[in-house]
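What follows is one structure encoded as structure tokens, with my remarks underneath.
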Amino acid sequence: MSEANAHRVAVFGAGYVGLVTGACFAELGHDVTIRDVLPGKIDALRRGEVPIYEPGLDELLERNRERLTFTTDVVEAIEDAEFVYVAVGTPPTVSGDADLSAVWMVIDELPQVEHRIVVVMKSTVPVGTGEKVRHRLDARGLGHVGYASNPEFTAEGTAIKDFMEPDRIVIGAFDAADADAVEELHAGIDAPVVRADVASAEMAKLAANAALMTRISFINEIANVCEATGADVVKVAEAIGYDRRIGKSFLRAGVGFGGSCFPKDSLALKQLAANSGYHFQVLSAVIEVNELQKRRVVGKLQELLGPLRGKRIALLGLAFKPNTDDTREAPAFVLAGRLLAEGADVVVWDPIAHADGFHGVEQVATVADAAREADAVVLVTEWPELADVEWEVVAATMRSRVFVDGRNMLEPEAMRAAGFRYSAIGRASNGTV
Ligand code: UDX
């Protein structure tokens with residue numbers, strides 16, 4: 001990238017989204033300053049330590065070290081910046097609305113800059129937030145500061161690839177020149193650019209997540225009907241996935257979705273609709289189906305083992321999906337809580353995520369340790385290493401050989417041959433043909 005095309009970008013927030021955004025913009029040749037309020041985090045980043053687990057992020061930060069600065073100081077971050085990316089957390093409040101206090105703090109902390117900068121919203125926010133930010137900037141005498149919405153669609157574990165090779169880039173702005181500037185910042189990325197008004201860009205993010213969650217709850221309900229009627233959801237998903245109008249992705253039945261985005265964003269959209277006087281029925285059902293899905297495994301265990309009091313249950317996987325240490329809204333925790341409430345002893349294994357602070361749950365270092373003397377093993381997160389376990393060796397160490405595959409990861413026939421009473425999600429016909 002030529003000097004002329006390199007821009008100065010300040011990123012507020014050094015969480016998953018901020019670090020990935022900052023590292024990727026640096027990779028594209030821009031000068032990036034990442035600002036966070038937590039001094040410990042900034043000190044660690046300056047030392048070259050990456051506070052989160054995201055494959056490839058540490059190499060990317062290291063490779064672009066000379067284009068990256070880390071600071072807690074707002075003025076230092078904004079100095080000479082042309083863009084201020086807002087990538088702070090927007091967690092749900094007790095009412096289900098998104099908590100925008102960190103966003104407002106960034107807007108209110110902006111110094112009285114003389115030059116034109118564009119504030120770009122990367123955090124997921126309710127529709128209408130851009131409009132409110134615009135008013136607040138104007139009220140603060142920052143009418144010359146631009147505003148754009150540039151939502152992220154990155155998934156944890158593949159965030160860098162998702163940023164550098166996205167399906168699309170969405171840019172919503174009040175002023176076409178700001179949208180042009182944000183688009184130029186992405187030069188070097190080959191993807192369709194959807195230009196929109198700010199509200200539509202904000203809604204695009206929420207709608208994309210809602211569509212993906214709807215697919216998951218849909219296939220989970222199909223799975224539950226498969227169980228009741230003798231079909232195999234894995235075959236059904238394969239069969240419908242070939243339909244180009246439907247497509248293959250997000251049709252894996254399992255113990256439900258979790259993570260830092262889906263549960264929070266579904267609530268936020270439901271609440272946004274409700275606040276505007278609309279009852280979003282499909283989304284309400286999607287959320288409810290997911291809550292019930294996380295608990296269905298308990299019923300399966302009761303069917304196979306009887307009352308669970310005193311039974312030792314091993315949960316394999318804590319992270320809400322593989323290749324991340326993120327346990328936010330992870331189904332494993334709901335499951336563990338339900339099992340403890342039934343009086344079971346719960347032992348968990350995960351290659352990188354921790355059950356710290358989860359009272360009553362014992363975490364062990366290996367799959368073998370988790371399964372030893374267990375009455376049942378539940379596969380909760382489809383960690384790739386679980387494909388290579390010698391399951392017949394594991395089965396031999398168990399008290400009762402019950403295996404519930406919460407992600408339909410393993411071959412039913414092979415697991416039965418290994419000695420298990422094997423049950424999966426929506427595979428009543430046992431996965432055989
Ligand atoms: C998601 C979106 O994919 C991303 O675009 C958005 O920016 C943030 O939210 P992420 O939460 O990282 O990303 O994970 P994702 O891979 O989408 O999985 C979310 C959850 O859905 C996981 O718990 C996963 O196990 C579950 N899932 C996914 C299913 O149960 N079945 C599927 O077919 C796909």
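The values are calculated or read from the model by the stated rules, or taken from the named source; none is laboratory data. This is a predicted model, so every value here is computed, not measured. Neighbour counts run over all protein chains shown; Cβ positions are idealised from the backbone, glycine included. With ligands, DNA and RNA removed, areas are computed over all heavy atoms of the protein, side chains included. Shrake-Rupley method; radii C 1.70, N 1.55, O 1.52, S 1.80 Å.
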Problem set entry | Other-chain or far-sequence residues with amide H under 5 Å of Val119's (modelled H) | Val84, Gly146, Tyr147, Ala148
Problem set entry | Eligible lysines near Lys235 by straight Cα distance, threshold 30 Å, same-chain separation 8 or greater | Lys161, Lys248, Lys294, Lys300, Lys321
Problem set entry | Karplus (6.51, -1.76, 1.60) ³J(HN,Hα), θ = phi - 60°, over the range 211-216, in Hz, Gly and Pro reported as x | 5, 5, 5, 4, 4, 5
Exercise. Can you list residues whose amide H is under 5 Å from Thr69's amide H, if they're 5+ apart or on another chain and H is modeled 1.01 Å from N?
Worked result: Val32, Thr33, Ile34
Problem set entry | Within the chain, helix-based [θ] at 222 nm, where runs of 4 or more DSSP H residues each add -39,500 (n - 2.57), nearest 500 | -12500 deg cm²/dmol
Exercise. Which residues' amide hydrogens lie under 5 Å from the amide hydrogen of Val348, considering only partners 5 or more residues apart or on another chain, with H built in the peptide plane?
Worked result: Leu315, Glu362, Gln363, Val364
For this session: Whole number please: convex hull volume per residue, Cα atoms of the chain, in Å³.
Result: 153 Å³
For this session: Quick one: what are the phi-derived ³J(HN,Hα) couplings along the range 182-188, Karplus 6.51/-1.76/1.60 with θ = phi - 60°, whole Hz, x for glycine and proline?
Result: 5, 5, 4, 4, 8, 4, x
Problem set entry | Heavy atoms of His354 accessible to a 1.4 Å probe, total area in Å² rounded to 10 | 110 Å²
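At a Förster distance of 35 Å, what's the computed FRET efficiency of His135 paired with Glu62, Cβ-Cβ distance as r, to 0.05? Provide the component values of the computation, followed by the final result.
Values: r = 41 Å, r/R0 = 1.17.
For His135 and Glu62, the calculated efficiency is 0.30.
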For this session: Give the relative contact order (percent, whole number) for the chain; include only Cα pairs under 8 Å separated by 6+ residues.
Result: 12 percent
Exercise. Helix 281-305 sits at what angle to the longest principal axis of the chain, using alpha carbons and giving 0 to 90 degrees rounded to 10?
Worked result: 30 degrees
For this session: Report relative contact order for the range 1-141 in percent, whole number only (criteria: Cα-Cα under 8 Å, sequence separation at least 6).
Result: 25 percent
